[in-house]
Every structure is written in structure tokens, then in C-alpha cells.
Amino acid sequence: GLGLTFKKDESFGEWYSEVVVNSEMIEYYDISGCYILRPSTMAIWETLQAFFDAEIKKMNVKNAYFPLFVTENVLQKEKDHIEGFAPEVAWVTKSGQSDLEVPIAIRPTSETVMYPYFSKWIRGHRDLPLKLNQWCNVVRWEFSHPTPFIRSREFLWQEGHTAFATKEEADKEVLEILELYRRIYEEYLAVPVIQGRKSELEKFAGGLYTTSVEAFIPITGRGIQGATSHCLGQNFAKMFEIDFENEKGEKAKVWQNSWGCSTRTIGVMVMVHGDDKGLVLPPKVAGVQVIVIPVPYKDANMQAIFAACTSTVQTLLAEGIRAEHDLRENYSPGWKYSNWEMKGVPLRIEIGPKDIASKQVRVVRRDNGAKTDIPLANLVEVVNGILSNIQASLFNAAKEKRDACIKVVHTWEEFIAALNNKKLILAPWCDEEEVEKDVKTRTKGELGAAKTLCSPLDQPVLPEGTLCFASGKPAKKWTYWGRSY
Ligand SMILES: O=C1CCCN[C@@H]1CCCn1cnc2ccccc2c1=O
């Protein structure tokens, strides 16, 4: 049949897998954790890429491309950053029948690939700031449950790697990039996110501190890290001897950042906006924003209807609206409506005999099903208005839903109750790592333990004397907790 067999709020995992396949975004591949990204996925990725690439170029970041492969000794160089990740590193050990002299790793991230050359290229303060980015794939051979877009063994991302003379410059850029990540989610994918700082336990171990944008999936009550922007401090500069002669002629270590955003963004968008008819695409990222469908009538003049469909598409394309028509003769209008709803196309235009007669078209919104008859005369301006209204209402609906999941707690009992109610928990915390580990231990279970998601940059007031929900010690900051992907 045409529709989905699984309902979003009954069998979320199965619903998600069915939607990404039936909407023609993903095709499963015969290697576990690897997926084919079909054109409708690439159209979305290319829109996000175009926005982010243009913005980082305004920041004087330059794109480069470094090799996919990294030697073992270089990869092992930064031990405390690699130790936890080592099992995920994929290795090339043969070419043809013969073993390689030395096994070669496939990049899981590119710090160790790039930084020996940062060391070579950076000599004096005039070589700073060095700001490089690459759009590429990375491989992490994870064994936890693979999920299209969300957790795959190969994924596409951008990884930015920058070096500065001072910590102040690095700190500033960390937040500038984090703001771009917020815009990717909120302005393009219509997904609300929280900007925050990771705890010492959850941060990138090789860095100084990690900031992130955190999304939330109300149906599963799980948080999901949307993208990360790390200040690496001088850790990698020490390891890879990335020094420069500062303006006083002294030898100094550079201050570095690294930041990344991947195709996981697309999976979050599917989870947040999808419904039981399939994908729901925010217009700003939809590869096809409007689909025009002829509605034939028994003795109607089909040529006139087809001609009207074609000219409507041309009119919209001329104004930069991404429109297509579906003139296939062997499918009914009803079948086509379901098919394009499954693909998440934001707006459908139906053209039948009476529309021709009264020089109008009927538009139907994917997000709320609203139908409106529009005179051809002001088609473009009305369609543009509806598309931007869809974009805004998708974001507002998602934000309202996410905010309704936020629960402020002050005690352990409230915390556990909120966790069992699939809430996104905001709690005062003493910021002690032992307490964080203890919460993980005490909430272990088949749904996974609760963990810190981030401490919001925008901290609510913390009244004097507020105690930590878990330890009873004086609280130091408000922190979001929850189960996560
Ligand atoms: O997040 C980012 C943003 C982009 C640049 N890299 C940083 C840090 C990556 C942390 N990480 C994540 N998984 C890994 C997996 C295997 C080996 C190493 C790593 C590893 O270093």
C-alpha cells in the first residue's frame, strides 16, 4: 500500500525507518550502518552547506581538503583524546592480496591529519589566524544501534579547524560558529535548539571546553546533540608543537578551535516534523517546494489542464520557487497526493477544469492540510506568503512542543518522575563530576541512563542557597539533563 504501516507515536523507530525510505531520502545498503543518500537528502544537505559555507567565508575561513587516511603513530599522538574512541577507528590493512606494511586508519575526524601541517605552516604571528574547513565524509565504526542520519558508520559533515594567537580570539569564534549552528537548526530546519556548554565529563576530552546546540525529540523524550563547537585550548598545540613567534619575539603556543556539523541535522528534522503521512519538509530546505498536479475530469480538455500545470510551474520557477509538476498518466490524483505528501513537499497545487474556467488554482498545505483557491493573478506572492508561513508555523509548533517537555526540578524525586515522563529536565547542579557519574549509575536501565546535555549559555537566575537536585550541595549552575541518542 501507499501509506505508512507504522504510526509515529506508537512505533517511533519503525516509523522513522519507513519514512526516510518511503520519502525517497534514504536507501538501505548491504553494509550495516551505511546508507545511500538519495537526491532529496542531498538537496537538503546542499542548502545547509550553501548557507554555512557562505557564512564561514565571511569569517575568512578557507576550504581545504586533507587526505582520508592517517597513519597510526600520528593518530595515537593525542592519547587522551583517542583512547575512548579507538574501537571506532576503521583501518586499511591490505591492498589486493598483500598486507600493507603499516595499517592505515580512515579519518574519524581530522585533528591528527591536519595539525602536523599546521605546525609546519605556522611560524610567526602573521601566519595567524589560520582558519580552515573541509566538507567531507568521516568513518566511525560504531557498534551501537545504527540509525539513518542519526548514527551511521560513514557520514558527511563539515569540520572547521582554526588557530589563533590569543585565547580571546578563539573563545569569540567558538560562539560565532555556535550561533551559525543555531541558525541552521532554527532558521532552516525549523528545529528549536538550546545553546550550551558540555560538562567536563561529556566534553571532547582532547579539548579545553565544548559548546553544543542540543535538540530534543518529544516523542521519545530524548535529547540529541545537534552540532559542536570546541575550544581546544593549547592541548593540540603542545602535542603537535604548533608554535609561533609572537609580537614580542617570544615563542608561544597557538590557541585552537574545531567545530563540526553533520548530516545528523537531517535526521533530527525528520524526527521533529514528520507525521503519519510521512515527511514534512520546511520550505527553506525542501528540494521541491511546490508540486503541481493535474486533476483530470472525464471529458475535460486534458491538454488545457496540462498546459496550465506547465505554465504554473514556469511562473513559480521564474520567481525562484522550486516547483515541479507530476503529469504521469498512470497514477490517479489521489495516489499522487499521498505520494508527494510522503515526500514532505510543503505545498501542492491542484489544477482541474473548474480552476481553468475561473483562472485559479487550489493550493493545499502539507503541514496542516489547509486548502485555498488562489486567483492566478497573484499566485507567486500568495505562494511565497504561504511558504514562509509554513516555515514559521513549523518552527513555532516544534518550539511549543519542545518547551512543553521542559521540566524544572529541584529534588531527586522530581528528577526521576520527570525522567519517567520523558521530560527535558532543567535542574540546579553542583557541577561535580562524581555527582554526574552517580546520576548515570542511579538511572541506568534499558532506556539508557540520564546524562547532562548542556548547561545553557542563557542561565536562568539561580537564587542564593539553591541546592543541587542530586547531591544537596550548593548548586553552581542550571543544567539540562535527560536520556539522549
Ligand atoms: O567534534 C568535533 C568537531 C569537528 C572536528 N572534531 C571535533 C572532535 C571530534 C571528537 N572525536 C569524535 N569521535 C572520534 C572517533 C574516533 C577517533 C577520534 C574521535 C574524535 O576525536
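Which one of VAL113, VAL174, VAL138 is out of contact with any helix residue (DSSP H, G or I) (no Cβ under 9 Å at 6 or more places or on another chain), of a type in the set (A, V, I, L, M), outside any strand (DSSP E or B) and within 12 Å of the ligand (Cβ to nearest atom)? Steps first, answer last, please.
Values: VAL113 fails: out of contact with any helix residue (DSSP H, G or I) (no Cβ under 9 Å at 6 or more places or on another chain); VAL138 fails: outside any strand (DSSP E or B).
So the residue among VAL113, VAL174, VAL138 that is out of contact with any helix residue (DSSP H, G or I) (no Cβ under 9 Å at 6 or more places or on another chain), of a type in the set (A, V, I, L, M), outside any strand (DSSP E or B) and within 12 Å of the ligand (Cβ to nearest atom) is VAL174.
Is it fair to say ASP431 is assigned to a loop (DSSP other than H, G, I, E, B) and either modelled with pLDDT of 95 or more or within 22 Å of the chain's Cα centre (by Cα) (or both)? Don't jump to the end; show me each part of the working.
Numbers: assigned to a loop (DSSP other than H, G, I, E, B): yes; either modelled with pLDDT of 95 or more or within 22 Å of the chain's Cα centre (by Cα) (or both): yes.
Criteria met by ASP431.
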Inset, instruction - Kindly indicate the residue of segment 141-171 that is of a type in the set (Asp, Glu) and closer than 22 Å to ILE82 by Cβ and also farthest from the ligand (Cβ to nearest atom) among those meeting that condition. - result: GLU154
Legend entry - Residue check, ALA252 small (Gly, Ala, Ser), part of a helix (DSSP H, G or I), modelled with pLDDT of 95 or more and surrounded by fewer than 24 Cβ atoms within 10 Å (Cβ to Cβ): no
Inset, instruction - Give just the number: which of (1) surrounded by fewer than 23 Cβ atoms within 10 Å (Cβ to Cβ); (2) in contact with a Lys or Arg (Cβ under 8 Å, 6 or more places away or on another chain); (3) within 30 Å of ASP171 (Cα to Cα); (4) touching a residue at least 60 places away in the same chain (Cβ under 8 Å) does ILE219 not satisfy? - result: (3)
Inset, instruction - Only residues that are of a type in the set (Gly, Ala, Ser) and surrounded by fewer than 18 Cβ atoms within 10 Å (Cβ to Cβ): list them for segment 422-453, please. - result: GLY445, GLY448, ALA449
Inset, instruction - Any residue in segment 50-77 that's in contact (Cβ under 8 Å) with a residue 24 or more places away in the chain: show its pairings with residues that are among the charged types (D, E, K, R) and part of a helix (DSSP H, G or I) at Cβ separation under 7 Å, as long as the two are six or more apart or on different chains. - result: MET59/GLU176
Inset, instruction - Run GLY96 past the list (1) within 24 Å of the chain's Cα centre (by Cα); (2) on the phi > 0 side of the Ramachandran plot and report the number of the one that doesn't hold. - result: (1)
Inset, instruction - Take the residues in segment 141-171 that are surrounded by fewer than 18 Cβ atoms within 10 Å (Cβ to Cβ) and in a loop (DSSP other than H, G, I, E, B), then tell me which one is farthest from the chain's Cα centre (by Cα). - result: THR166
Inset, instruction - Please state which of the following conditions VAL193 fails to meet, knowing it meets all the rest: (1) crowded, with 23+ Cβ neighbours inside 10 Å; (2) touching a residue at least 40 places away in the same chain (Cβ under 8 Å). - result: (2)
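At pLDDT below 95 and either outside any helix (DSSP H, G or I) or touching a helix residue (DSSP H, G or I) at 6+ places or on another chain (Cβ under 6 Å) (or both) - does that describe any residue in segment 277-288?
The answer is no; no qualifying residue exists.
Name the residues in segment 364-390 that are under 21 Å from PRO282 (Cβ atoms), more than 27 Å from the chain's Cα centre (by Cα) and surrounded by fewer than 12 Cβ atoms within 10 Å (Cβ to Cβ), would you?
LYS371, GLU381
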Inset, instruction - Test ILE305 against the criterion of being farther than 30 Å from GLY160 by Cα, touching a strand residue (DSSP E or B) at 6+ places or on another chain (Cβ under 8 Å), aliphatic (A, V, I, L, M) and not in a strand (DSSP E or B), and give yes or no. - result: yes
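For segment 70-85, check the following and say yes or no: at least one residue is assigned to a strand (DSSP E or B), more than 14 Å from GLY260 (Cβ to Cβ) and either touching an Asp or Glu at 6+ places or on another chain (Cβ under 8 Å) or within 13 Å of the ligand (Cβ to nearest atom) (or both).
Yes, some residue in segment 70-85 is assigned to a strand (DSSP E or B), more than 14 Å from GLY260 (Cβ to Cβ) and either touching an Asp or Glu at 6+ places or on another chain (Cβ under 8 Å) or within 13 Å of the ligand (Cβ to nearest atom) (or both).
The values are calculated or read from the model by the stated rules, or taken from the named source; none is laboratory data. Everything quoted here is computed from the prediction, not taken from an experiment. Virtual Cβ from ideal backbone geometry, glycine too; neighbours counted across all protein chains shown.
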